[in-house]
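K.L.:
Below is a structure I'd like to ask you about.
Nothing in this text is a laboratory measurement; each read-out follows from the coordinates by a stated rule. Everything quoted here is computed from the prediction, not taken from an experiment. Cβ coordinates were reconstructed from backbone atoms using ideal geometry, including for glycine residues, and neighbour counts include every protein chain displayed.
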Amino acid sequence: VITVPVRLGQRSYDVLVGEGARHRLLEVLPVGVARAAVVTQPSVGVEVDPGVPSTTVLMGEGEPAKDLEAVEELCRAFSRFGLARTDVVVAVGGGVVTDTAGFAAASYHRGVPVVHVPTTLLGQVDAAIGGKTGVNLPEGKNLVGAFWPPAAVVCDTDLLASLPEREWRCGNGEMAKYHFLTGDDLLALPLEDRIARCVAIKAAVVAADPEERTGLRATLNYGHTLGHALEVAGRFDLRHGEAVAIGLVFAAELAAELGRIDPARVAEHRAVIDAYGLDPSVPPGLDHEELLMLMARDKKALGTLTFVLDGPAGVELVSGVEPAAVRAALARMEAAG
Ligand SMILES: NC(=O)c1ccc[n+]([C@@H]2O[C@H](COP(=O)([O-])OP(=O)(O)OC[C@H]3O[C@@H](n4cnc5c(N)ncnc54)[C@H](O)[C@@H]3O)[C@@H](O)[C@H]2O)c1
């Protein structure tokens, strides 16, 4: 089992990555914890033993279950169980569970510690790391939330054995993103090292910009601007990681359009996406003007069209991008098929 530290001063925590890591849960619980509330979903099917008296609280499935009603249900269940501020919430599941349980933990009694046990690849390399928690509103995704760093994260690679093919693809979309942030050939690494490396890349960014104030943390959104727009315009037919994969290739085409990178670098983006088994084509039938409008509404948009783009200085936040360049990049995507 590999230990990756996330250095946040007094709120530093460890991420354990490896086969059977879940059996080390008791070791990473905060000192003095008397009880644990384990939050999970019926479909996850993973049992953990926190080693202290515990209750299991089930939440609903899928993105629609990640809402304020779920937070209320969880907090009420914590209260009925008698969970105290010195106890712990253990979130066992994919990003839907860790985001929702994490936010409930941030809110209940004004904050109880949470330990994440992510059970999807996307959760292990991304969603459970970094302390962002939150839920959706009918008006949009992740609109209510809190920065609430976990006390620890336990990424047990054994748990991934039951993941359906599509969930692997979703995690691979985020992994491909890390590939471009550092240039590491992650695919050359065994799975455990690959996950640990992704965690370490995210940990370094999060430690340098924990609350997304300097623009550095925004680079973790590489590929996400078109990705989010595709998810919304396509009414969520595309899963997040699949949409990010398309968004990464689009970001490369846009960077080339702006003269920031050369065609060989665009080709490299396409080759990496292919190597991860992902499809870079924009689904047919989507209105490019609608995509443009959705991208202009992106959270990091700062009043102008803003993207995370590759360039001579690496991947960085670029604002003031002209709509004409975005249209041209979308046309390049269409031409490439
Ligand atoms: N907080 C963050 O920094 C952050 C980052 C990225 C994504 N997210 C959020 O994460 C969510 C997506 O997470 P996700 O892709 O893990 O989706 P998810 O939580 O819905 O899980 C996907 C599916 O996998 C199933 N599953 C989970 N573990 C399994 C296992 N071991 N074996 C078999 N099936 C299993 C689940 O039941 C679910 O049906 C989104 O809501 C997104 O906004 C958050």
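K.L.:
Within the chain, what is the number of lysine pairs with alpha carbons under 21 Å apart, leaving out pairs fewer than eight places apart on the same chain?
P.N.:
Taking the Cα cut-off of 21 Å, the pair count is 16.
K.L.:
Kindly rank 95-104, 288-297 from highest to lowest mean number of other beta carbons found within 10 Å of each residue.
P.N.:
Working: 95-104: 27.3, 288-297: 15.8.
Packing order, densest peptide first, comes out as 95-104, 288-297.
K.L.:
Cβ neighbours within 10 Å, averaged per peptide: list 31-39, 110-118 in order, most packed at the top.
P.N.:
On the way: 31-39: 18.8, 110-118: 23.4.
Put in order of decreasing packing, that is 110-118, 31-39.
K.L.:
Expressed as a fraction of 2.2 N^0.38 Å, the rule-of-thumb size for a compact globular protein of N residues, what is the C-alpha radius of gyration of the chain? The partial results should precede the final answer.
P.N.:
Working: Rg = 19.7 Å, N = 337, 2.2 N^0.38 = 20.1 Å.
Cα-based Rg divided by the globular estimate yields 0.98.
K.L.:
Once the other residues with Cβ under 10 Å from the Cβ of Val125 are scored (Lys, Arg +1; Asp, Glu -1), what is the net sum?
P.N.:
Values: positive: Lys177, Arg194, Arg197, Lys202; negative: Asp126, Glu174.
Local net charge: +2.
K.L.:
Over the Cα atoms of region 67-217, each weighted equally, I'd like the Debye log10 I(q)/I(0) at q = 0.09, 0.10, 0.17 Å⁻¹, rounded to two decimals.
P.N.:
Values, matching the q order: -0.29, -0.36, -1.00.
K.L.:
From the helices alone, meaning DSSP H stretches of at least four residues, give me the mean residue ellipticity at 222 nm for the chain, per-run term -39500 (n - 2.57), in deg cm²/dmol to the nearest 500.
P.N.:
On the way: 10 runs with 131 residues, N = 337.
Helix-only estimate at 222 nm: -12500 deg cm²/dmol.
K.L.:
Net charge near Val154, counting Lys/Arg +1 and Asp/Glu -1 over other residues with Cβ under 10 Å of its Cβ? Let's see the in-between values first.
P.N.:
Details: positive: Arg22, Arg24; negative: Asp14, Glu27, Asp156.
My count for the surroundings of Val154 gives -1.
K.L.:
Of the listed peptides 13-22, 310-319, 149-158, what is their order by residue-averaged count of other C-beta atoms within 10 Å, with the highest listed first?
P.N.:
Working: 13-22: 20.3, 310-319: 15.2, 149-158: 24.0.
Answer by packing, highest mean first, reads 149-158, 13-22, 310-319.
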